[in-house]
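Enquirer: Below you'll find the structure I mean.
The values are calculated or read from the model by the stated rules, or taken from the named source; none is laboratory data. Since this is a predicted model, take the numbers as computed values, not measurements. All Cβ positions, even for glycine, are placed from backbone atoms using ideal geometry, and neighbour counts span all protein chains on display. When the accessible area is computed, the model is the full protein with side chains, heavy atoms only, and any ligands, DNA or RNA have been set aside. Shrake-Rupley method; radii C 1.70, N 1.55, O 1.52, S 1.80 Å.
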Amino acid sequence: MALPKIDKPLFIDKLPSSGEEIYYRPFTVKEEKILLFGQQTKSIEQAVLAMKQVINSCTTYKSGKEIEISKLPVIDLEYILLKIRSKAVDNTIPLVINDEETKEQIKINLDLDSVEVKRYEDHTNKIKINDDYILIMRYPSVDMLPEYANEEISETERSFNMMVQCMDKLISEDNVYDFTEETVESIVEFLDDLDPQTLFDIKKFFETSPRLKHEIKYKNSLGNEKIVVIEGTESFFK
């Protein structure tokens, strides 16, 4: 006699980048193994592949349309993984904090349900170039992660490449220019010709983008109160 398939509960939430509603379920033992394997390989490409595979299995849009995992913004990937993990096992995970003052290791328990998306009031993806043009930016996608973890190129080069790939549209009163239809060379030339203020606003778009961020307060052995900030998927799943 074949063993029965166990039904899994569905939960509903909204993606941080767009507010679009999704259904998600806890991951299975098999899917947890996929995530662990991805982490243990120490390969960012393998880790990203594992995360995409699990999210694809555990998540659907409420509207029924297909999730394009490769284009999914990184903040959405981090948020979905956090939610899937919190419902799959225990929403509390142990963390070890290295206290800089006493050099001791502080063990704490983090409630994943208390982790929220940090948003900045002055954040916008619309950047005014001048009275004629507005630049629309998009968030870094999942498939961009391996490139921006590549330590063989400088941080400046990685940042510049991210700007190039995250330009979405250029809007004027009469036209809409789609950067996906342009060559990398033409986008680089366009970026090089921008004024310093526009470049500053592009950098601000990335600096103020939504992110998983959580402050943990604790006391060390000297009785001094400390605050440690953790952010990003890697920090929450050490």
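Enquirer: Return the single residue from 128, 14, 42 with maximal mean-square fluctuation; model: Gaussian network over the chain, springs between Cα atoms under 10 Å.
Expert: 42
Enquirer: A follow-up question, please. Only sites in a loop by DSSP and with at most 11 other Cβ atoms within 10 Å count here; which GluC sites (Glu not before Pro) in the stretch 158-238 make the cut?
Expert: Answer in residue order: 173.
Enquirer: A further question on this structure: Assign unit charges at the C-beta atoms only (+1 for Lys and Arg, -1 for Asp and Glu), then state the dipole size of the chain relative to its Cα centre in Debye, rounded to the nearest 20.
Expert: For this selection, approximately 1720 debye.
Enquirer: Given charges of +1 on the Cβ of Lys and Arg and -1 on the Cβ of Asp and Glu, with all other atoms neutral, how large is the dipole of the stretch 74-210 about its Cα centre, in debye to the nearest 20?
Expert: 780
Enquirer: As an exercise, identify the trypsin sites (Lys or Arg not before Pro) in the stretch 60-94 lying in DSSP coil whose Cβ has no more than 11 other Cβ atoms within 10 Å.
Expert: 65
Enquirer: Per residue, how large is the accessible surface of the chain? Use a 1.4 angstrom probe and give square angstrom.
Expert: Averaged over the residues of the chain, the accessible area is 63 Å².
Enquirer: Let me ask you something else. For residue 176 paired with residue 30, estimate the spin-label separation in nm (one decimal), with each label point 7 Å from Cα along the Cα-to-Cβ line.
Expert: 4.1
Enquirer: Continuing with the same structure: Would you mind giving the three semi-axes, in whole Å and largest first, of the ellipsoid equivalent to the stretch 59-188 according to its Cα gyration tensor?
Expert: Square roots of five times the eigenvalues give 36, 21, 16 Å.
Enquirer: Carbon-plus-sulfur fraction of the accessible area of the stretch 163-238, 1.4 Å probe, in percent?
Expert: Percent of accessible area from carbon and sulfur atoms in the stretch 163-238: 48.
Enquirer: Further, regarding this structure: What GluC sites (Glu not before Pro) does the stretch 78-117 have in DSSP loop regions with at most 14 other beta carbons within 10 Å?
Expert: Numbers: sites: 78, 100, 101, 104, 116; in loops: 100, 101, 104.
For GluC sites (Glu not before Pro) across the stretch 78-117 that sit outside H, G, I, E and B with at most 14 neighbouring Cβ atoms in 10 Å, the list reads 100, 101, 104.
Enquirer: How long are the three semi-axes of the equivalent ellipsoid for the stretch 106-181, computed from the Cα gyration tensor as the root of 5 times each eigenvalue, in whole Å, largest first?
Expert: Value: 32, 20, 11 Å, ordered largest first.
Enquirer: Report the residue, chosen from 52, 213, 30, that carries the largest GNM mean-square fluctuation when the chain is represented by alpha-carbon nodes joined by springs under 10 Å.
Expert: 30
Enquirer: Could you list the residues of the stretch 62-103 with an amide nitrogen less than 18 Å from a label point located 7 Å from the Cα of residue 41 in the Cα-to-C-beta direction?
Expert: 69-70
Enquirer: Then there's this: Could you work out how far apart the two model spin labels at residue 131 and residue 192 are, taking each label as a point 7 Å from the Cα in the direction of the beta carbon, and quote it in nm?
Expert: So the label points at residue 131 and residue 192 sit 3.0 nm apart.
Enquirer: What are the lysines whose alpha-carbon lies under 17 Å from the alpha-carbon of residue 219, with same-chain residues fewer than 8 places away excluded?
Expert: Qualifying lysines at Cα under 17 Å: 103, 107.
Enquirer: Would you calculate, for the chain, the mean residue ellipticity at 222 nm contributed by helices, counting each DSSP H stretch of 4 or more residues as -39,500 (n - 2.57) and dividing by all residues, to the nearest 500?
Expert: Dividing the helical sum by the residues of the chain leaves -10500 deg cm²/dmol.
Enquirer: Quick one: pull the percentage of alpha-carbon pairs in the stretch 56-102 with a separation above 14 Å. Before the final figure, lay out each step's value.
Expert: Details: 702 of 1081 pairs.
Value for the stretch 56-102: 65 percent of Cα pairs lie more than 14 Å apart.
Enquirer: Moving to a separate point now. Under DSSP H, which helices of the chain have Cα atoms covering 15 Å or more of the helix axis and a Kyte-Doolittle average no less than -0.5? Kindly include the intermediate steps, with their values, before the conclusion.
Expert: Details: long enough: 29-40 (16 Å, -0.26); 44-58 (21 Å, 0.70); 74-88 (21 Å, 0.63); 155-166 (16 Å, -0.56); 196-207 (16 Å, -0.33).
Within the chain the helices that satisfy the rule are 29-40, 44-58, 74-88, 196-207.
Enquirer: Let me ask you something else. P(r) tail for the chain, what percent of Cα pairs lie past 33 Å? All intermediate terms of the calculation are to be shown ahead of the outcome.
Expert: Working: 8284 of 28203 pairs.
Tail of P(r) above 33 Å: 29 percent of Cα pairs.
Enquirer: Comparing 36, 194, 82, which has the greatest mean-square fluctuation in the GNM of the chain with Cα pairs linked when under 10 Å apart?
Expert: Judging by the Gaussian network model, the answer is 194.
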